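What follows is a short report on a single structure.
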Amino acid sequence: MNSFHPYLLDRRLRVAHALVWGAFVVIGVGFFRTQILEHGRFKLQSETNRLRPIILPAPRGIITDRNGRVLADNVPGYTVSLLPGAEPTLDAQIASLRTRLERVAPLVRLDSAGIERVVARFRRAPYQPALVMADAPFPVVSQLEERRLLVPGLVIQTEPKRYYPDSGVAAHLLGNVGEVTEQELGQRSGLRPGAQVGRDGLERQYDDSLRGADGVRFVEVSALGHVVRDAASSTRLRPEAGEAVHTTIDLDLQRYIARIFPAGQRGAVMALNPNTGEVLALYSAPGFDPNRFVGGVDPSYWRLLSESPAHPLLDRAIQARYPPGSTWKLAMAAMALKRGIVTLHTRMPIACRGGLQFGNRFFRCWMAQGHGELTLQEAITQSCDVYFYQLGIKLGLTSLLEDANGWGFRTRTGIDLPGESPPEFPSGTEYFDRLYGPRGWTSAVVLNLAIGQGENAQTLASMLRLYQMLASDGRARPPYVVHPAEGPAAALDLAPEQLAGLRQAMISVVQRGTARGAQLGSIVIAGKTGTAQNPHGPNHGWFIGFAPADKPEIVVGAIIEFAREGPYVAPLVARVIARYLGADTTEASEYKIVLPADTAPHEVQILPALPDTTGRDTLPRDTLPRDTLPRDTTHVQPRSRTR
Amino acid sequence: MFNRVRELDRPLLGVTVALALFGLAALYSAGQTDVPTQVTTIWQRQIAFLVLGAVLAGLVFRASPRLVEWAAPYVYGGALFLLLLTLVIGTGAGTAAGTKSWIVLGGPFRLQPAELAKLAVVLMVARWAADRRSPPATMRELMTPGVIVLVPFLLVWAQHDLGSAIVFVAILFAMLYWVGTRPALLLLLVSPAVGLILAFSTAAWGAWFLLILGLVLWWRIYLWEAVAVVTANLIMGVVALPFWRSLAPYQQNRVLAFLNPLVDPRATGWHVIQSRVAIGSGGFLGKGYTLGSQKRLAFLPAQHTDFIFSVVGEELGFVGVVAALTLFITLILVLLRIARRATDQFSSLVVFGITGMLFTHIVENVGMTVNLLPITGIPLPFFSYGGSFLVTCCAAIGVALRVAWESRLSGYTER
């Protein structure tokens, strides 16, 4: 039989048909399984392949002054990031990221350490573009755009960038922003690697509400990692801007202070509304430009700031402690009045003849020829040390310490700014016991404490709180910039007429006493000068004043370090007050430099010396008086203090 | 002219045109990517190749089966010469830069002789079997077709084009089967190859060897053939490992990646993984014509040649896949019908050989896109970009059209 007999052919054909159908059914089942049954898995994989999430940073909330004028704003800036490739393992992705980084390194001025930083960022958040340059200048951006094809995965996007229109005017108040650190990521929740967070100042204090919620967009990338386009907008999550922070600051006043603050001097000025505690201005000098911190501070600028002997990053209003000097005398007077030990017209047994003999030591008054016989009011006006030595003795150490502690002279004011230093003051007599031994000291310490020297170092904010109480009804209102602090507030417990008497004394200070240069024709200013001994050079000058004296609306304190040429301090404060009250500042424009007469006498060493265990680590400590009379036979060491 | 067209086998013509248009549409889409690519405009060149193929099919159609039968040795000889020439001056090209399968014709045009040789082998084997009265019953009788296939097989193998080489073997077995060779003989013939694969597991190879030994005794074939089969199986078991080592690394990787694509996800397995992702993410209705993201963003490799069916799967979904497969089944069934009704043995064998060739290409190419079969890189008829294979397919269809026309002319009736 022929092998091509139709019967045989049909038989073979049937087998062939079966084979063909069998093969196609297997293939069909294969596709059914892949496309229908495993569709979800492959769809996900295809999306992961092509989509990369890119964070859209939320603009930080703006910070305004009390009138809505902007202190901290956002402007568009460029960030440069790199996406990893589609490599299957993290190590392979890092390797490809490295090659890409090396390609852009010359353009974005990235050294090998910088490359490692970017790789570390990527390791923390794989699948996200790794930030290469936070605030890229436009020429760099255009150069990169030209080379986009050579560098796969390049993501250049505009991101809101912090901008401080007044740059250094409110630097310490506002703080600055910077990239979140590894440590912060562990401590605070809700932060993503690479986020910009507030550092210092209001930016730090209100970071959580200022920060807002980041958005995300998805871009499509090719197999090589080139960004092709934005993915469909449905997958886009818009960033939500942070909440605006409205401060109590008066920008006009703040600017004015920055303008008139003596150039090149170190110090601080702080203004409060005595009736509410609202901070109207807070200025510290020298300052810095917070704009230069945005997008990563330049190492040379950082070195300049951190190594400068002037410590420009220190907020001298709340972080630096100084001996309060004669500004303390109002605290002494208030304590004595409250306890009924004296009245405003009480005279002391010993008239001022230039000093006071106490035990075997002679305590000087700043005025060598003496003030003669004075009432309390006159003693305040003339800032007579001899009067206050005797007042201190009358009051007694225990009462002094008790009242000072009760009025908060060793606690923070609670201002809503980070990093406030607590003032230093003994908590009680056991403080001296601990330091010198129970019998190692005498009640003579009260003499030094009475004139604002000794174991007493106050911040500008804490001294201002005393004058705020004096300027209002005697109750403390914790200073605040945005929200007042909660909790019980101290009070002076003085009768209204006692308060009025003290104010009258302070008016006399300006009109006839030590701050005559601060007098303004139309406005009655009350205030008190002070001089803090400084072992490192010229003394520090204080002036704290308020006005109008009959119904105070503003209390302004200022400290200027090394105000050797006589405090600019009182006229400075007077001009600030005049500016705020809208008085004609030309009245105060006769910027008479009046040498303050009440330079504190050198502190008399009455306690045994202690070895210096503190070292010179921080500036506030350095500003404490460390030396005493050069002719004093006792060699004096700075006392070690408990923090 | 139009009369002639009307006399053509309409199902074959129709399904061919449909496949050519479908393929062209897929190729156009393959060029639509978001990443700069050189394949954006190749669909225009594919049209040129289609025109060339149609002209060639027309010419082939004019040649009677007798002329074709007479010319077979010359075509075969010419093909062997081109294959030899390729070994000397061949270059790599396109997505197959690792092989040396092309002869540069000048300008951008290159010829891939291996594709033409497939048709030549079909003609030559058909010519050998055409005048046989009875099917080959012994191994000795299979020597001649074996050599006819072995020569181009080795030449193509030497070009490192494993896929095409396997197609030759498939053609041989298809045609031997159509001639009427006993399946037992075919099984014994193929047994050394199976043994080669099983040799990687000693136990599996041992079982296979005992089975072959039993079959040889059961079927009581000629002694020397039995000895040859058993010896060949033994040798395969021994040489398997050296043979494996002789394979090029990319060939080894393809086999390994087939077994487990995740072995080397970046290099070889990448193709399979991305192809499956493309097809799987297409789902039931697909992502839309030209909109496949795997293809657009260059995740899919060789999307215009080896993996063009993945583009279909991704963009047109399961529906598109079933439509394409239906067209392919129709093509195969129509060709089988033509082979069945052919007026003479030579024509029938040629058409069946062509069917076997196309079937092998379709199953292998489509199968590998979903990891049913290892990657061999052979083109999909009418879909993959490539002039040589497209023209070969057109010529093959031309032959089939002529055979169908002859049947119709001779007043075919079911005998």
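The values are calculated or read from the model by the stated rules, or taken from the named source; none is laboratory data. None of the values given here were measured: they were computed from a predicted structure. Neighbour counts are summed over all protein chains in view; Cβ atoms, including those assigned to glycine, are modelled from backbone coordinates with ideal geometry.
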* To do: May I ask you to say which residue of A:Gly168, A:Gly194 is surrounded by 18 or more Cβ atoms within 10 Å (Cβ to Cβ), in the same structural domain as A:Pro57 (by TED's automatic domain parsing), outside any loop (DSSP other than H, G, I, E, B) and touching a helix residue (DSSP H, G or I) at 6+ places or on another chain (Cβ under 8 Å)?
  => A:Gly168
* If only one of A:Leu460, A:Leu470, A:Leu464, A:Leu447 is crowded, with 24+ Cβ neighbours inside 10 Å and touching a Phe, Trp or Tyr at 6+ places or on another chain (Cβ under 7 Å), which one is it? -> A:Leu447
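Residues are listed down the side, and each one gets a yes or a no for (1) buried (at least 17 other Cβ atoms within 10 Å of the Cβ); (2) over 19 Å from B:Glu115 (Cβ atoms):
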position	(1), (2)
B:Gly31	yes, yes
B:Pro36	no, yes
B:Ala48	no, no
B:Gly78	no, no
* Asked: Is it the case that the range B:63-78 has a residue that's under 15 Å from B:Tyr385 (Cα atoms) and in a helix (DSSP H, G or I)?
  -> no
* To do: Might you check whether a residue that is modelled with pLDDT under 85, among the basic types (Lys, Arg) and closer than 30 Å to A:Arg98 by Cβ occurs anywhere in the range A:214-234?
  => yes
* Looking at the range A:101-118, which of the residues that are assigned to a helix (DSSP H, G or I), buried (at least 16 other Cβ atoms within 10 Å of the Cβ) and in contact (Cβ under 8 Å) with a residue 12 or more places away in the chain is nearest to the chain's Cα centre (by Cα)? -> A:Val118
* Before we move on, is A:Gln390 under 21 Å from A:Met463 (Cβ atoms), in a helix (DSSP H, G or I) and either touching a residue at least 12 places away in the same chain (Cβ under 8 Å) or under 39 Å from the mean Cα position of the chain (by Cα) (or both)? -> no
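Tally time: how many residues in the range B:268-311 are free of Cβ contacts under 8 Å to residues at least 40 places away in the same chain and farther than 12 Å from A:Lys43 by Cα?
Total meeting the criteria: 8.
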* Structure fact -> Checked B:Thr369, B:Thr360, B:Thr330 against criteria (among the polar types (S, T, N, Q) and either more than 11 Å from every other protein chain (Cβ to nearest Cβ) or under 14 Å from the mean Cα position of the chain (by Cα) (or both)); the one match is B:Thr360
* Take the residues in the range A:1-50 that are small (Gly, Ala, Ser) and within 7 Å of chain B (Cβ to nearest Cβ), then tell me which one is nearest to the chain's Cα centre (by Cα). => A:Ser46
* Asked: Quick one: in the range B:372-415, which of the residues that are of a type in the set (Val, Ile, Thr) and assigned to a loop (DSSP other than H, G, I, E, B) is nearest to the other protein chains (Cβ to nearest Cβ)?
  -> B:Thr413
* Structure fact -> Residues in the range A:319-342 that are more than 30 Å from A:Ala500 (Cβ to Cβ) and aliphatic (A, V, I, L, M) total 1
* Structure fact -> If we ask which residues in the range B:178-208 are farther than 20 Å from A:Val15 by Cβ and either within 14 Å of chain A (Cβ to nearest Cβ) or aliphatic (A, V, I, L, M) (or both), their number turns out to be 8
* To do: Examine the range A:374-387 for a residue that is touching a Pro at 6+ places or on another chain (Cβ under 9 Å), in a strand (DSSP E or B) and crowded, with 16+ Cβ neighbours inside 10 Å, and state whether such a residue exists.
  => no
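This table checks each residue for (1) among the charged types (D, E, K, R); (2) in contact with a helix residue (DSSP H, G or I) (Cβ under 8 Å, 6 or more places away or on another chain).
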site: A:Leu173; (1), (2): no, yes
site: A:Gln183; (1), (2): no, no
site: A:Gln187; (1), (2): no, no
site: A:Glu220; (1), (2): yes, yes
site: A:Asp230; (1), (2): yes, no
* Going by the conditions given, is A:Thr79 surrounded by 21 or more Cβ atoms within 10 Å (Cβ to Cβ), touching a residue at least 12 places away in the same chain (Cβ under 8 Å) and more than 7 Å from every other protein chain (Cβ to nearest Cβ)? -> yes
* Asked: Applying the selection to the range A:279-332, what residues are without any contact (Cβ under 8 Å) to a residue 60 or more places away in the chain and assigned to a strand (DSSP E or B)?
  -> A:Ala285
* Structure fact -> If we keep only residues of the range A:240-277 that are charged (D, E, K, R) and under 23 Å from A:Leu313 (Cβ atoms), then the residue surrounded by the fewest Cβ atoms within 10 Å (Cβ to Cβ) is A:Arg259
* Of all residues in the range B:291-325, which are at pLDDT 90 or above and more than 9 Å from chain A (Cβ to nearest Cβ)? -> B:Phe307, B:Ile308, B:Phe309, B:Ser310, B:Val311, B:Val312, B:Glu315, B:Leu316, B:Val319, B:Gly320, B:Ala323, B:Ala324
* **Out of A:Gly85, A:Gly68, sole residue that is at positive phi and in contact (Cβ under 8 Å) with a residue 12 or more places away in the chain** => A:Gly68
* Check off (1) surrounded by fewer than 19 Cβ atoms within 10 Å (Cβ to Cβ); (2) free of Cβ contacts under 8 Å to residues at least 40 places away in the same chain for A:Thr34 and give me the number that stays unchecked. => (1)
* A:Thr89 is checked against (1) surrounded by 21 or more Cβ atoms within 10 Å (Cβ to Cβ); (2) within 14 Å of another protein chain (Cβ to nearest Cβ) and fails just one. What number does that condition carry? -> (1)
